[in-house]
Ligand SMILES: [Zn+2]
């Protein structure tokens, strides 16, 4: 099979419009390297694009995407921890000031976890084991239901973000920078259909509609 035509067409448009728009930024980034201030951990879901949602150009966001926007807890086993490696790089090498874990509506990973063994996605080798990271979230949700449970999918999506924030703090370098006031971690959730962003209030653990800061120009 040849390289997808739609991607080549998209690349053509990028060269004409996107790259030209950011030409100087690209040149600067190529010479001086990247200095993103924020890391966003988002789902692989094609409907949730962090750079699009936050209107960010090249060099502005350090983005990690995985199934169901999960952060595993810190562990020192010999596994190949792709998510943990990205977090380590963002915090210890790039010194980002913010990490945002962004969940989203209609998350297939969360849905597969909720459907348990009956979910077709869980028949493979990897997804089932990966989304087991949601187990503690399900337990804490059952013990302390801060969300109304009339929408169990939404409640689980929120709980997954909370659990990932908890897991983030198990990384020694994350907790060290957070305690030093040099790093803040945040929860967020994106509604695909309406484009609404909700941000977690750290004191109540509830998700509130974000106030968009409108640019003055
Ligand atoms: Zn998802």
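The values are calculated or read from the model by the stated rules, or taken from the named source; none is laboratory data. This one's a predicted model, so the numbers in the text were calculated from it and none came from an experiment. Cβ placement follows ideal geometry from the backbone for every residue including glycine, while neighbour counts extend to all protein chains displayed.
I'd like the residue in region 38-59 that is under 15 Å from the mean Cα position of the chain (by Cα) and more than 16 Å from the ligand (Cβ to nearest atom) and, out of all such residues, is surrounded by the most Cβ atoms within 10 Å (Cβ to Cβ).
Filtering region 38-59 for residues that are under 15 Å from the mean Cα position of the chain (by Cα) and more than 16 Å from the ligand (Cβ to nearest atom), the one surrounded by the most Cβ atoms within 10 Å (Cβ to Cβ) comes out as 39.
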Looking only at region 166-185, how many residues end up being assigned to a strand (DSSP E or B) and either surrounded by fewer than 17 Cβ atoms within 10 Å (Cβ to Cβ) or more than 16 Å from the chain's Cα centre (by Cα) (or both)? 1
Filter region 90-111 for residues that are surrounded by fewer than 22 Cβ atoms within 10 Å (Cβ to Cβ) and near the ligand (Cβ under 10 Å from one of its atoms) and give the result. 105, 106, 108, 111
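If the requirement is being assigned by TED's automatic domain parsing to the domain that holds residue 151 and within 14 Å of the chain's Cα centre (by Cα), which of these qualifies: 74, 113, 62?
62
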Just for region 60-70: of the residues that are at negative phi and within 14 Å of the ligand (Cβ to nearest atom), which one is surrounded by the most Cβ atoms within 10 Å (Cβ to Cβ)? 70
If we scan region 3-15, do we find a residue that is closer than 30 Å to residue 184 by Cβ and exposed (fewer than 13 other Cβ atoms within 10 Å of the Cβ)? no
Might you check whether a residue that is touching a strand residue (DSSP E or B) at 6+ places or on another chain (Cβ under 9 Å) and modelled with pLDDT under 95 occurs anywhere in region 70-90? yes
Among the helices (runs of 4 or more DSSP H) lying completely within region 22-126, list those that include at least 3 residues that are touching a helix residue (DSSP H, G or I) at 6+ places or on another chain (Cβ under 8 Å). 108-115
In region 167-194, which residues are within 26 Å of residue 108 (Cα to Cα) and free of Cβ contacts under 8 Å to residues at least 12 places away in the same chain? 194
Please identify the pairs in which a residue from region 91-103 that is in contact (Cβ under 8 Å) with a residue 60 or more places away in the chain and at negative phi has its Cβ atom under 7 Å from the Cβ atom of a residue that is within 16 Å of the ligand (Cβ to nearest atom) and assigned to a loop (DSSP other than H, G, I, E, B), counting only partners at least 6 apart or on another chain. 101/69; 101/71; 102/69; 103/69
